[in-house]
Amino acid sequence: MSEILTINNLKVWFHTRRGTFKALNGVNLNLRKGEVLGLAGESGSGKSTLGLSIMALLPSNAIIVRGSKIILKNRDYLKYFELFPEEKIDRKFKIKKNQKIMKHIRDFLAKIRGKEVSMVFQEPMTALNPLLQIGYQITEALLAHSSINLAKRILSRINLTEDDVREILKIVKSSKNVEKDLNEFSKLKKLDGIEDQVLYILNRKDLSTIRKERMIYSLKEKMKNPLTMSYLKKIAENKSIGIYRFLNRIPILKRYLKGVLIKEGYRKAIELLAMLNIPHAEKVVYMYPHELSGGMRQRVSIAIALANNPDIIILDEPTSALDVIVQYQILQLISELKYKLNISFIFISHDLSVLAEVCDRIAIMYGGRIVEIGPIDKIFYESLHPYTKGLLRAIPKISKDIKTIESIPGTVPDMRNPPNGCMFHPRCPYVMDVCRNKVPKSIEYSKDHFVECFLYGE
Amino acid sequence: MKLWLYIIRRILLIIPTLIGLTIIVFILIHVRGNNLIIAEYLNPHLTGAARDYAIQQLYQRFHLNDPLFIQYFYWLYQVINGDLGLTRTPIYSGPVNTALALFYPNTIMLALVSSILIWIIGIPIGVWSAVKRDSVFDQSTRVATFTLYAMPAYMVYLLVLIIFAVYLKWFPISGAVDPLLLQGVSWYVNGISYPTHIIFIDALLHGDINIALNSIWHFILPSLGIALGGVAGIIRLLRSSMLEVLDQDYIRMARSKGISESEVINIHARRNALIPAVTSFVYGVAGLLGGVVVAEVIFNIPGVGYWTVQALLNNDAGGILGSTLIFGIILVTASLILDIIYAALDPRVRY
Ligand SMILES: Nc1ncnc2c1ncn2[C@@H]1O[C@H](COP(=O)(O)OP(=O)(O)OP(=O)(O)O)[C@@H](O)[C@H]1O
Ligand SMILES: [Mg+2]
């Protein structure tokens with residue numbers, strides 16, 4: 001499998017009045033196409049910081065140390081920025097200049113955000129804007145990166161002929177691989193976007209076959225006014241929209257320009273929500289966040305993350321705030337999506353038992369480093385690092401007659417003055433002299449199973 | 001949308017408040033004793049039996065011999081029919097409702113112009129100083145608003161007056177219009193302009209562009225002064241609520257979609273931050289409509305505040321109670337409008 005994301009020696013620190021918190025201290029990580037990578041570790045180990053770094057959404061007091069590399073689809077973005085070297089980050093550190101760099105990174109990488117990488121945050125209750133309709137919040141993500149697709153979808157309905165519809169119905173009725181044939185059909189006829197709309201109708205469970213056919217018939221739409229048409233064509237062909245930008249500022253005209261795209265966004269939003277098993281999606285898009293339950297809101301967040309078909313989705317504890325049943329449903333949904341779409345996931349959780357349900361590989365984080373990473377079986381049954389073993393023991397087990405929860409003795413280190421050598425040595429039951437002085441290197445103990453610990457070499 | 005149903009319900013709900021208000025004003029009238037109520041109407045030249053007879057007549061006319069609660073209904077009937085009693089001050093003597101009709105237009109114009117100024121100055125500055133937190137712009141805004149906020153309103157007005165009228169001489173010192181221009185003007189009689197009582201509009205209606213421009217020139221300084229006095233509060237409120245909003249999860253979520261920073265600010269942050277500021281703004285406008293008392297006195301503008309002060313100085317009960325009643329009604333209406341604005345702005349408000 002090819003790698004879609006490689007992180008090398010990533011160091012992210014936070015400058016605060018109470019000192020510099022060294023949240024990430026040289027993270028090395030790779031993410032492969034189509035896999036779900038679990039990221040586990042105690043609170044404060046830097047999981048969210050890692051996610052935010054990939055999203056280029058770090059707060060302005062964050063410092064990315066020179067030498068850090070985030071390589072997304074073979075592009076090393078950070079190399080364009082004049083980052084501060086480690087030794088310059090001291091008391092006389094130029095905060096203002098660093099804030100400018102961080103803002104620069106945020107603005108420069110806006111184009112990948114939501115399009116190549118998106119993120120679902122922990123708190124579904126507060127992640128959505130209370131004043132905006134669900135549909136609008138999804139549409140906004142679509143408009144940011146996929147207005148071409150939206151325009152093409154509208155045009156495809158307008159350009160649809162009677163013959164085309166008949167052909168589509170034939171494919172639907174007789175084809176063995178409807179999805180593939182529809183794709184080919186839309187390419188051939190230059191009706192980009194029609195295939196998704198047909199598939200959405202076909203996948204609906206609440207309609208009879210006859211109703212579905214009738215809906216496919218009624219996909220055909222009348223020509224819109226000339227102004228709208230020329231605007232849509234400009235957008236669909238990805239041409240510069242010069243004066244339309246200005247016309248869009250005039251409220252009456254906006255209805256016929258951007259308004260048309262927004263309406264299409266709602267349409268696409270309904271399809272996305274339906275894909276995520278949200279009942280009555282066509283009503284939900286007009287609702288406001290407070291009208292939905294936590295689980296529903298988390299699905300909406302996932303829909304927003306999925307909107308532009310990103311390569312990577314980072315899920316930051318997506319289930320922690322939900323009750324167990326909803327948690328299970330969301331996990332189911334993520335496993336489903338993993339098979340349906342070719343998306344790589346980074347699933348952050350402090351709960352290994354949750355990760356066990358969905359992940360292909362698991363990375364264990366401690367003190368801003370990945371101390372062990374490997375395929376899920378190896379992490380669970382052949383774990384190497386003393387910290388991983390401790391975490392596994394901390395999962396509540398209910399065996400025949402004993403209930404045991406063991407916690408790891410000691411506390412997470414103060415990240416302002418992290419311990420020398422191995423971060424874990426103050427809490428490690430197998431601590432040796434070397435652990436106190438040297439930082440262990442990553443060792444490939446068995447195939448694809450890496451560990452940073454002196455117990456296993458050097 | 002069931003918004004209109006909500007509005008109707010809300011309007012019905014203010015009726016008890018209004019009844020309460022009229023009862024309080026009624027009681028205030030009556031604690032002063034019956035003689036004071038009829039004093040305004042009594043011909044002071046009468047003596048002896050004629051005077052007693054006149055008093056009898058007035059007692060009958062105002063039903064003062066009936067039980068108090070019946071009197072209330074008589075009085076309420078009178079008020080509803082627009083009869084608020086008499087006022088006697090050096091600047092105006094006659095029915096209170098005529099006085100209100102004369103003085104209110106100037107106040108409304110002043111209040112509206114300065115509210116608009118507060119809104120269009122306050123929002124961008126408040127939003128920007130939060131967005132550009134700790135920048136030079138933010139620091140200077142904070143110093144300026146803090147200074148304005150700490151100063152009593154009359155000092156702001158006096159400062160404006162001293163700087164722009166006395167020192168720079170850009171604007172006239174006082175009055176609503178230059179009295180020389182009004183000499184011999186047919187629609188201006190005894191210090192009152194007709195038909196709307198707002199000199200600016202009346203001048204336009206009669207085609208006297210000169211006078212209209214002159215009145216605008218006179219209105220700029222008072223409006224600016226009032227706006228400066230009121231804008232600091234809005235800016236400070238907006239800045240802090242904006243900072244709070246910018247820290248919310250949904251802002252990070254909005255950024256994670258890759259939309260532009262200006263969309264994050266304008267669509268996601270600003271509207272949320274405005275909700276708390278609206279309350280302070282609407283009550284601010286209501287306060288201004290209740291008579292920008294100090295400003296009108298300092299700038300010598302014949303508005304309702306100016307008249308109320310005259311009524312106070314002259315112990316003129318009719319004027320004081322009339323303006324109390326009207327101000328009460330304005331506040332009740334403001335809270336109604338505020339509820340409607342909330343219902344329209346915030347989908348979480350249930351109706
Ligand atoms: N904005 C910030 N300013 C200062 N320090 C921060 C900031 N954000 C995170 N940190 C620090 O960075 C370290 C890592 O935080 P992070 O949120 O990444 O941990 P986490 O593994 O996601 O924990 P949790 O399980 O609690 O979400 C912590 O020590 C935290 O105090
Ligand atoms: Mg976290």
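Nothing in this text is a laboratory measurement; each read-out follows from the coordinates by a stated rule. Predicted model, so just to flag it, every value in this text is computed and none were measured. Note: ideal-geometry Cβ built from the backbone for every residue, glycine included; neighbour counts use all protein chains shown.
Some observations on this one:
- Cα centroid separation, segment B:131-203 to segment A:149-216 (Å): 67
- Proximal aspartates and glutamates relative to B:Lys2, as straight alpha-carbon distance under 18 Å, when same-chain residues fewer than 8 apart are discounted: A:Glu291, B:Asp339, B:Asp346
- Gaussian network model of chain B, Cα within-10 Å springs - most flexible of B:His45, B:His63, B:His30: B:His45
- Going from the residue with the fewest nearby Cβ atoms within 10 Å to the one with the most, B:Ser215, B:Ser260 rank B:Ser260, B:Ser215.
- Exposure proxy order (Cβ contacts within 10 Å, fewest to most) of B:Thr17, B:Thr308, A:Thr411: A:Thr411, B:Thr17, B:Thr308
- Ranking of B:Ser193, A:Ser175 by count of other Cβ atoms within 10 Å, fewest first: A:Ser175, B:Ser193
- When the Cα positions of A:Ser383, A:Ala321, A:Asn309 are compared along the charge dipole of segment A:281-400, A:Ser383 comes out farthest toward the positive end, with charges on each C-beta of Lys, Arg, Asp and Glu.
- Long pairs among A:Lys11/A:Lys103; A:Lys115/A:Lys205; A:Lys152/A:Lys239; A:Lys79/A:Lys239; A:Lys173/A:Lys205, criterion Cα-Cα beyond 19 Å: A:Lys115/A:Lys205; A:Lys79/A:Lys239
- Kirkwood-based Rg to Rh ratio, segment A:364-452, C-alpha trace: 1.00
- Annotation for B:Gln56 and B:Met155: the two label points, set 7 Å from Cα along the Cα-Cβ direction, are 6.1 nm apart.
- In a reduced charge model with +1 at each Lys and Arg Cβ and -1 at each Asp and Glu Cβ, segment B:100-293 shows a dipole moment near 480 debye about its Cα centre.
- Remark: the Cα gyration tensor places chain B in the oblate category, a/c being 1.5 or greater and a/b not exceeding b/c.
- Separation in nanometres of the label points that stand 7 Å from Cα toward Cβ, at A:Ile250 and B:Asn65: 7.4
- Dipole check for segment A:361-456: with +1 at the C-beta of Lys and Arg, -1 at the C-beta of Asp and Glu, and the Cα centre as origin, the magnitude is about 140 Debye.
- Straight-distance crosslink candidates among aspartates and glutamates, where the alpha carbon sits under 20 Å from A:Lys438 and sequence neighbours closer than 8 are dropped: A:Glu86, A:Glu87, A:Glu372, A:Asp414, A:Glu452, A:Glu458
- Full-stretch length increase - B:Ala39, B:Arg9 - with 0.36 nm per residue and alpha-carbon distance subtracted: 6.6 nm
- Separation of alpha-carbon centers, segment A:34-81 and segment B:293-311, rounded to whole Å: 64
- Stretchable slack from A:Ser240 to A:Arg32, in nm (0.36 nm times residue separation minus alpha-carbon distance): 71.4 nm
- Applying 1/(1 + (r/R0)^6) with R0 = 56 Å to the Cβ-Cβ distance of B:Asp134 and B:Asp83 gives a FRET efficiency near 0.40.
- Helix-only mean residue ellipticity at 222 nm for the protein assembly as shown, each DSSP H run of n ≥ 4 adding -39500 (n - 2.57), per residue, nearest 500: -17000 deg cm²/dmol
- Top positive-direction residue, dipole computed over chain A with Cβ charges, set A:Ile235, A:Val285, A:Val371: A:Ile235
- Between the C-alpha center of segment A:224-274 and that of segment A:95-128 there is a gap of 26 Å.
- Here A:Ser43 and B:Glu263 are evaluated by their C-beta separation; at R0 = 41 Å the FRET efficiency comes out at 0.80.
- Chain A, relative contact order in percent, only Cα pairs under 8 angstrom and at least six apart counted: 22
- Computed over segment A:134-281, relative contact order equals 38 percent, with contacts defined as Cα pairs under 8 Å that lie 6+ residues apart.
- FRET efficiency estimate (nearest 0.05) - Cβ-Cβ, A:Asp107 to B:Val143, R0 30 angstrom: 0.55
- Fraction in percent of alpha-carbon pairs per bin - 5 Å, segment B:100-293: 1, 7, 13, 15, 15, 13, 10, 8, 7, 5, 3, 1, 1, 0
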